[in-house]
Amino acid sequence: MRATESELPVFPFTTADGSSDHHERLVRLSDEQPITRVLLSGRPVWLVTRYAEVNAVLLDTRFSLARAIDPGIPRVGNFELPPEQILATDPPEHTRLRKLVAKVFTSRQIEQLRPRVQEVTDRLLDRLAELTPPVDLIEHFTASLPIEIICEMLGVPHQDRDDFQDWTERILTVTGLPPEEVQAGYARMGGYIAGLVADKRRTPTDDLLSLLIAARDEDDRLTEDELVTLGFTLLIGGHETTKNQLANSVAMLLADHPDQWRRLIERPELMGPAVDELLRYLPLFSYEVAFPRVATATVELGGVTIAEGDTVLVSLSSANHDAAVFDAPDDFDPARLPNRHLAFGNGIHRCLGAQLARIELEIGLGGLARHFPQLRLTDAELSWKTGGLVRGLHQLRVEW
């Protein structure tokens, strides 16, 4: 018998004292009830937690991201994607937009950036070594590395980073700010990118934003709104997630797994597999679910019938801790192979910048291990941000 709405658990999950209880409950559901009904924003939705079913949803185009921005569709907090955003589109619109930038993000093209990422990493770490510890590693390294690389790719002035980091935090707010402040972040970021577009139309340069302008002006392959939105989507996606994943990885290694940190210092050849294990092990999203999807047809999934029009949430984090796929999933094993994690999603919406993120994480962590083998945290307690889409720290104070 299906539970009545009043009996459904409320998502995001919390304990009786109001603290977060996401990870434990999501992993438990993956074992006991991998497809279950929960209340999201007061509306019943399906929550999918087991690897096989999560992967099936990601691969099945009958689960629509475009429909998820329709009025009345429940979502986590105030976070809402604009209709021109590539993550809020389905084929054929999604295919058209992705093709415009996919050739810049092929594995071959991104691999050619490896020497530049290494150069920027070494310069930032040399500069870090000149500072008097303790220092905030986020401010002086984990934010600077991905920002500098994506700014170079897009042709965005690096000196504007403080502004667009502030706008990014507003845009990615889930519960921390009122909706009008979130919309103000969108407006300011959109105005900033529109200004860059106008500048580059007058003086074209050899960068990704200029390539998109040519696709708009010469080939009419996207609208002006799509051009601006795609520009700031790439800017946000190119720095915010990697900044936090890199900082969170350092914090976890130093605080909880110092033996594994020493192992990576002694065996740098493990850094590649370790990055994938960190992506599997650490949840990137604060609420451990990806963007909602809406079923466009009746779908049988894991023995459950999902009706057309139902909203579906998938938990990448619990899927990445599925014991049916990963041996000892709660153990952090930097040598884990194979590692078929879903941290970057799957299917047509798989993260466009996955290879770039891997390279930045591998070189960034490898550089820290090489330059600062005695790196250690100075704060006994880590202060985590609340109310945002992406899981991140306020600061990460270290010494050496």
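When the GluC sites (Glu not before Pro) in region 250-321 are filtered for DSSP coil states and for at most 15 other beta-carbon atoms within 10 Å of their beta-carbon, the remaining sites are Glu308. Subtracting the Cα-Cα distance of Arg123 and Asp163 from their residue separation scaled by 0.36 nm leaves 12.1 nm.
The Rg/Rh ratio of region 245-321, with Rg taken over Cα atoms and Rh as the Kirkwood radius over Cα pairs, comes to 1.19. Projecting the Cα positions of Gly176, Thr378, Ile348 onto the charge dipole of the chain (unit charges on Cβ atoms of Lys, Arg, Asp and Glu, taken about the Cα centre) puts Ile348 furthest along the positive direction.
Over all other residues within a Cβ to Cβ distance under 13 Å of Glu148, the charged ones net out to 0, with Lys and Arg as +1 and Asp and Glu as -1. Other residues within the sphere of radius under 14 Å centred on the Cβ of Ile265, judged by their own Cβ, net out at +2 (K and R +1, D and E -1). Expressed in units of 2.2 N^0.38 Å, where N is the residue count, the Cα radius of gyration of the chain is 0.98. Toward the positive end of the charge dipole of region 5-399, with +1 on the Cβ of Lys and Arg and -1 on the Cβ of Asp and Glu, the farthest Cα among Phe326, Ser41, Pro12 is that of Phe326. A Stokes-Einstein calculation at 25 °C with viscosity 0.890 mPa s, built on the Kirkwood radius of region 163-258 over Cα pairs, returns a diffusion coefficient of 162 µm²/s.
For region 5-399, the relative contact order is 26 percent, taking Cα pairs closer than 8 Å that sit 6 or more residues apart in sequence and dividing their mean separation by the residue count. Need one word for region 92-185: rounded, prolate or oblate. Basis is the Cα gyration tensor (sqrt eigenvalues a ≥ b ≥ c); a/c below 1.5 gives rounded, then a/b vs b/c decides. The shape class here is oblate. For region 243-396, the C-alpha radius of gyration divided by 2.2 N^0.38 Å, with N the number of residues, is 1.17.
If you take all other residues with their beta carbon under 14 Å from the beta carbon of Arg376, and give Lys and Arg +1 and Asp and Glu -1, the sum is -2.
None of the figures in this text is laboratory data; all of them are computed from the coordinates on show. Just so it is clear, the model here is predicted, and its values are computed rather than measured. For neighbour counting, all protein chains shown are included, and Cβ atoms are generated from backbone atoms with ideal geometry for every residue, glycine included.
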